[in-house]
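Peer 1: The structure follows.
The values are calculated or read from the model by the stated rules, or taken from the named source; none is laboratory data. Bear in mind the structure is a predicted one, so any value in this text is a computation, not a measurement. Because the Cβ atoms are built from the backbone with ideal geometry, glycine has one as well, and the counts that use them run over all protein chains shown.
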Amino acid sequence: MKLPHAVAGLERAARQGAHREVWQVIRAALPLVLPGKGERPRSGVTDLVALGVEVAGWAGARGEIAGLVPLSRRSSSGFGRQCRRLHDYLVRP
């Protein structure tokens with residue numbers, strides 16, 4: 001399955017009330033799909049992070065995600081902005 005299709009399915013599930021379960025999937029998947037240093041995000045990753053921001057709010061999620069912090073600081077792209085939003089939400093006081 002391609003990541004954009006998976007993101008669409010996760011979004012549908014979250015909107016139908018499975019936001020905690022969807023958050024668990026996103027939290028587990030992000031460290032595996034985030035780009036490494038010098039790499040660009042592959043198709044669907046930005047959408048997955050953006051969905052993560054929304055679903056984290058619904059689920060009341062907290063805590064850092066491995067690999068997200070360096071990404072949240074180094075980019076002004078849409079992907080970088082979404083990473084910062086998610087990181088800031090997860091570590092808020």
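Peer 1: Could you say which residue among A59, A29 is under 9 Å from the mean Cα position of the chain (by Cα) and not basic (K, R)?
Peer 2: Numbers: A59 fails: under 9 Å from the mean Cα position of the chain (by Cα).
None of the other options fit; the residue is A29.
Peer 1: On to the next question. Would you pick out the residues in the stretch 36-52 that are at negative phi, surrounded by fewer than 19 Cβ atoms within 10 Å (Cβ to Cβ) and modelled with pLDDT of 90 or more? If you could, list the steps in order and put the result at the bottom.
Peer 2: Step one: filter the stretch 36-52 for residues at negative phi, giving 36-37, 39-43, 45-52.
Still in the running and surrounded by fewer than 19 Cβ atoms within 10 Å (Cβ to Cβ): 36-37, 39-40, 42-43, 46.
Within the stretch 36-52, R42, S43, T46 qualify.
Peer 1: While we're looking at this one, here's another question. Check Q16, Q24 and return the single one that is surrounded by fewer than 15 Cβ atoms within 10 Å (Cβ to Cβ), under 13 Å from the mean Cα position of the chain (by Cα) and not hydrophobic (A, V, I, L, M, F, W, C). Working first, answer last.
Peer 2: On the way: Q16 fails: under 13 Å from the mean Cα position of the chain (by Cα).
Every option except Q24 fails the conditions.
Peer 1: Restricting the first residue to the stretch 11-27 and requiring it to be under 17 Å from R62 (Cβ atoms) and modelled with pLDDT of 95 or more, which pairs with a second residue that is assigned to a loop (DSSP other than H, G, I, E, B) and not basic (K, R) meet a Cβ separation below 7 Å and a spacing of at least six or different chains?
Peer 2: As it stands, the answer is W23/A61; R27/I65, since those pairs meet every condition given.
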